[in-house]
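Here the structure is laid out as structure tokens; the discussion comes afterwards.
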Amino acid sequence: MEQNIETLQKSGRVIYPPAELKAQAYIQDYEKAYKQSIEDPEKFWENVAKELHWFSPWNKVLEWNYPWAKWFVDATCNISYNCLDRHVQSWRKNKVAVIWVSEEGEERIFTYAELYRQVNKCANALKALGLNKGDRVTIYLPKIPEQIVAMLACARLGLIHSVVYSGFSAKALQARIQDAESKLVITADVGYDRSKTIPLKPVVDEAVKSCSTVEKVVVVQREKNGSALTSEKEIDWEDWLKNQSTHCEALQLDSETPLYILYTSGTTGKPKGVVHVHGGYMVGTYITTRYVFDLKDEDVYFCVADPGWVTGHSYIVYGPLLNGGTILTAEGKPDYPNPGRWWDLIERYGVSIFYTTPTAVRLLMKFGEEWPAKYDLSSLRVLGSVGEPINPEAWEWFYRVTGSNKPIMDTWWQTETGSILVTPLPCVPLKPGSATRPFLGIEADVVDRDGNSIEHGGGFAVIKKPWPSMMRTIYNDPDRYLLYWNTIKGCYTAGDVCHKDKDGYLWFMGRADDVVKVAGNRIGTAEVESALVSHEAVVEAAVIGKPHKTAGEMIKAFVILKEGHTETPDLIQQLQDHVLNELGKIAVPKEVEIVSSLPKTRSGKIMRRVLKAKELGQDPGDISTLEE
Ligand code: PRX
């Protein structure tokens, strides 16, 4: 690890924020603001909360029953009210809330008033199905505005949404519907990817076959002449909304009311349903969007995430709308129809804040600087990166092609944290490759296994105090929640390896556990392994992450075959297709190697660390527990 750190920190370059940007930023002196916030975090968060609308106030800011937290105790609020009603009642009524662009350039624009109407109609339609507060709704949609409308409509009624990324397979979708016991699934007939049509409805059909809780399936029909409806259970989205009123009162909810479940990978084969609540999540996403990106009313904010992931939840939907921002969201890939796609959108819509991922930057780097050079990118003010470490080379490229004066906010956070926890602000001096310092009110640190703070050097990333947008539990599995707070005494353990330099800057190095980040997507090696062993030819499998030039990491699988099966290119393909079927495209191992044994401890646990070291030609470290 030390070697990696040296490579990362090699440039030693510090980039100071442009004076004009700093002069107009919300926060101009980070050190002072941070010190103040941390002296009395509850006061800091309370002051933030006061900028939002509450139907009734809290009696207490925080109730901390280690490790269970309640924020804004006994207050009532609704995040959808704060995203919509607050703005519709102000001058922002006719301000553009969302600009959506399809792959083919079709444009749909929603003012705050129009988004309010659509969300209210959808909420009334949900009510008409007899859904009640606390019921779960699974949203399996491509990146289209209905995804945002459905999320906000659920929130309005206190229904819990579970958005499932539309690249997941039927089996993965089924597991998530079953765990949440959803009564309703909202989907579309198709999605589009590089002009190819991707059928989604058949995936849902397959998934709901064994989901007895699902009463109805609503389908957004995008294809012109087709009808995707095949059973009594199914409703066309347009018909569903058609006669509904454009007003539906937002429910006054206790601030701890669950807002959503979002499934993410961990170290076991079963995904965990991370639960976030209205009050604290609203406060965290609101203020981070505001301070990190310095989001102002004049900005056009472009986040490339899909609402199927947490970045989309927090930084396409909730955070920007809470701030009354104008959001650009685009279906499709960064290199389709050509590698100028995103640069073109930035020029066309005058984007001033651009939040993207290291994988996308590395992909665009491959096509060369001539692509960004063709476009006028002068509207940009602040850039962002998320999801995985950004290597200094990609950082420098991104900085250079956008004009060498737009600071990059390398934001570190997780599905579980709800909002950004470690990040620069536009006034903070940057070091390419470092997420810099904790956000206001957040006590992040690097510690050893026993929880001792490391002055400078490598260790585990932890958060020492609760924060409002932290997850409240893992759905149906509170014990798994406890693990986050039990691994290192007294702290929330993120599962990341991190280095603290002499200036207190944090350099996130990757996961400390068996989770792989492929193109920023989180995949548990155990999930891929259990998918592989469910194939008839496989007796045992071990999966590791391996460095990849564009995607950051890729999946490699080592597989032991059952007696009677032999290695052929066809079998390898079959195994990859099998994982595709079980989990979806993002989890398919790029490399599959057939082996006759796997390194194991005497108690029979596979030592993936040893496999990885061998694969990368590194020293495997302590192997005293190795059986053979
Ligand atoms: O390893 C860290 C990495 O992504 C993990 C969280 O993944 P997920 O829950 O899918 O959320 C992704 C979007 C927030 C973390 O444990 N990670 C996220 N951001 C960064 C990062 N690693 C390094 N630098 C980052 N900026």
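The values are calculated or read from the model by the stated rules, or taken from the named source; none is laboratory data. Small disclaimer: the values here were computed from a predicted structure and weren't measured. We place every Cβ from the backbone using ideal geometry, glycine too, and count neighbours over all the protein chains shown. Remember, those area values only see protein heavy atoms, side chains included, never the ligands or the DNA or RNA. Shrake-Rupley method; radii C 1.70, N 1.55, O 1.52, S 1.80 Å.
Measuring nothing but protein heavy atoms, the accessible surface of the chain at 1.4 Å probe radius is 49 percent carbon and sulfur. Gyration tensor over the Cα atoms of the chain: the corresponding equivalent ellipsoid has semi-axes (square roots of 5 times the eigenvalues, largest first) of 34, 31, 26 Å.
Using only Cα atoms, what Kirkwood radius does the range 367-406 have, in angstroms?
Working: mean 1/r = 0.0906 Å⁻¹.
About 11.0 Å, per the Kirkwood formula over Cα pairs.
Scaled against the 2.2 N^0.38 Å expected of a compact globular protein of N residues, the Cα radius of gyration of the range 478-628 reads 1.15.
Convex hull of alpha carbon positions in the range 257-306: directionally averaged projected area 5.1 nm².
When only alpha carbons of the range 412-477 are considered, Rg and Dmax amount to 13.3, 43 Å. Surface exposure of the range 498-628, expressed per residue as accessible area with a 1.4 Å probe, stands at 49 Å².
In a simple Cβ point-charge model (Lys, Arg +1; Asp, Glu -1; nothing else charged), the chain has a dipole of about 760 debye relative to its Cα centre. For a 21 Å ceiling on Cα separation, which of these pairs sit above it: K333/K406; K201/K233; K272/K517; K171/K272? Going by Cα-Cα distance, K333/K406 fall outside the 21 Å limit.
I'd like to compare 135-144, 325-334: which one has the highest average count of other Cβ atoms within 10 Å, and what's the full order after that?
Values: 135-144: 24.8, 325-334: 22.4.
Per-residue mean Cβ counts within 10 Å order the peptides as 135-144, 325-334.
Multiplying the residue separation of A23 and N59 by 0.36 nm and removing their Cα-Cα distance gives an extension gain of 9.3 nm. Would you mind getting me the FRET efficiency between S453 and T568? Use the beta-carbon distance for r and R0 = 60 Å, nearest 0.05. That gives a FRET efficiency of 0.65. Computed from label points 7 Å out along Cα-Cβ, the spacing between E536 and T267 is 3.5 nm.
So what's the range 187-312 giving for Rg/Rh, alpha carbon basis, Kirkwood Rh from the mean inverse pair distance? Rounded to two decimals, Rg over Rh is 1.01.
Taking only pairs that are 8 or more places apart or on different chains, how many Lys pairs in the range 41-158 have Cα atoms under 19 angstrom apart?
So the count works out to 7.
Out of the range 513-555, which trypsin sites (Lys or Arg not before Pro) are coil in DSSP terms and have no more than 15 other C-beta atoms within 10 Å? For trypsin sites (Lys or Arg not before Pro) across the range 513-555 that sit outside H, G, I, E and B with at most 15 neighbouring Cβ atoms in 10 Å, the list reads K549. Spin-label model, L129/T230: points 7 Å from Cα along the beta carbon direction are separated by 1.9 nm.
Suppose all protein chains stay in the model; what accessible area per residue would a 1.4 Å probe give for the range 1-131, in Å²?
Roughly 52 Å² per residue, with all protein chains present.
Placing dummy labels 7 Å off each Cα toward the beta-carbon, the span from K605 to S102 is 5.1 nm.
Beyond 26 Å, the tail of the calculated P(r) for the range 87-217 holds 27 percent of the Cα pairs. Given +1 at the Cβ of Lys and Arg, -1 at the Cβ of Asp and Glu and no other charges, the dipole of the range 155-308 around its Cα centre is 480 debye to the nearest 20. Ordering 477-483, 71-77, 396-402, 151-157 by mean Cβ neighbour count within 10 Å, with the highest value first, yields 151-157, 71-77, 396-402, 477-483.
Accessible area per residue for the range 229-351 is 29 Å², calculated with a 1.4 Å probe on protein heavy atoms, without ligands, DNA or RNA.
Considering the range 514-577 at the alpha-carbon level, its Rg and Dmax are found to be 12.5, 38 Å. Working note: Cα gyration tensor of the range 332-392, eigenvalues times five, square-rooted, sorted largest first, giving semi-axes of 17, 15, 10 Å.
Each of Y140, I79, F168 was scored by the projection of its Cα onto the charge dipole of the range 62-203, and the greatest displacement toward the positive side belongs to I79; charges sit on the C-beta of Lys, Arg, Asp and Glu.
Separation of the range 97-144 from the range 291-349 is 17 Å, based on Cα centroids.
Between the residues T268, S404, S378, the greatest Cα displacement towards the positive end of the dipole of the chain, with unit charges on the Cβ of Lys, Arg, Asp and Glu, is found for S378. Most tightly packed first, judged by the mean number of other beta-carbon atoms within 10 Å of their residues, the peptides 302-310, 166-174 read 302-310, 166-174.
Each stretch of four or more DSSP H residues adds -39500 (n - 2.57); spread over every residue of the chain, this sum gives -8500 deg cm²/dmol at 222 nm.
Here the range 163-237 is treated as a sphere whose radius is the Kirkwood value from Cα pairs; by Stokes-Einstein at 20 °C and 1.002 mPa s it diffuses with a coefficient of 171 µm²/s.
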